[in-house]
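Reviewing the structure listed below.
The values are calculated or read from the model by the stated rules, or taken from the named source; none is laboratory data. The structure presented is a predicted model; accordingly, all values stated were derived computationally and were not measured. Backbone-built Cβ (ideal geometry, glycine too); neighbour counts: all protein chains shown. Quick note on the areas: whole protein, heavy atoms, side chains included, nothing else; ligands and nucleic acids left out. Shrake-Rupley method; radii C 1.70, N 1.55, O 1.52, S 1.80 Å.
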Amino acid sequence: EYGWLAEGLAQYAALLYLRETDPPQAKLLVERSHLGALAVDPLRPISAGLKLFSTDGASIADATLYQRGLLVFTTLEAVIGRSRVEQALREYYARYRGRAASIADFEKICEEVSHRDLKWFFDYYIRGTGIPTISLDVPASSPPGEFQATIRIADVPENFSVRVDLPLATSTEKIDHS
């Protein structure tokens, strides 16, 4: 029933491995999954799980369960930190190994580990179909040798947070900024 959790977790495990063994491939995995996850029109709630295969077909189910599943885990990292996500997953496994568990169970563990109310996160990313609008406002002029900009995020609930990766290139180097 909660196919996104299993498939998103498989994608997340692959990402953790690639971060250690092949960082450029890890970055590519995230970029592709995030773009693919949001390309489905209209978006389906990820909580629909395996029902997506019978109602919407394999391509929408793949984009929702695998790609959006990875998007959920990487965004959860930005919200509570990678070490807390990993701690929550260890706890989830310890409590429910071999037994049925739900999204609500995972949410509860994430809240326990992070000491935060994450209802907004699970409502938005798991039960909802919203997509944040992210824009970059660059002023008409900046001092020489400097870059100034404001990242604006709209169409999100209160307390929302998301990681925004912003690669920058100067005349001498490339900088990955978040």
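Pairs linking a residue in the range 82-93 that is touching a residue at least 12 places away in the same chain (Cβ under 8 Å) to a residue that is open to solvent by 60 Å² or more (accessible area, probe 1.4 Å), with Cβ atoms under 9 Å and 6 or more positions apart or on different chains, are Ala88/Glu112; Leu89/Leu9; Glu91/Glu112. On the given criteria, is Thr150 open to solvent by less than 70 Å² (accessible area, probe 1.4 Å), more than 22 Å from Glu77 (Cβ to Cβ) and free of Cβ contacts under 8 Å to residues at least 24 places away in the same chain? Yes; evaluated as a whole, the condition is true for this residue. Of the numbered criteria (1) in contact (Cβ under 8 Å) with a residue 24 or more places away in the chain; (2) closer than 21 Å to Ala10 by Cα, the one Thr129 fails is (2).
For the condition at pLDDT 80 or above, surrounded by 17 or more Cβ atoms within 10 Å (Cβ to Cβ) and assigned to a helix (DSSP H, G or I), Gln25 does not qualify.
Residues of the range 127-165 being farther than 28 Å from Leu5 by Cα and of a type outside the set (Gly, Ala, Ser), which ones?
From the range 127-165, those farther than 28 Å from Leu5 by Cα are 135-152; that's our starting set.
Result: Leu136, Asp137, Val138, Pro139, Pro143, Pro144, Glu146, Phe147, Gln148, Thr150, Ile151, Arg152.
Taking the stated definitions as given, is Leu136 touching a residue at least 24 places away in the same chain (Cβ under 8 Å), within 25 Å of Leu28 (Cα to Cα) and surrounded by fewer than 11 Cβ atoms within 10 Å (Cβ to Cβ)?
Details: touching a residue at least 24 places away in the same chain (Cβ under 8 Å): yes; within 25 Å of Leu28 (Cα to Cα): yes; surrounded by fewer than 11 Cβ atoms within 10 Å (Cβ to Cβ): yes.
So Leu136 fits the description; yes.
Residues in the range 116-166 that are at pLDDT below 80 and outside any loop (DSSP other than H, G, I, E, B): 3 in all.
Within the set Val72, Val113, the sole residue that is modelled with pLDDT under 90, assigned to a helix (DSSP H, G or I), of a type in the set (A, V, I, L, M) and in contact with a helix residue (DSSP H, G or I) (Cβ under 7 Å, 6 or more places away or on another chain) turns out to be Val72.
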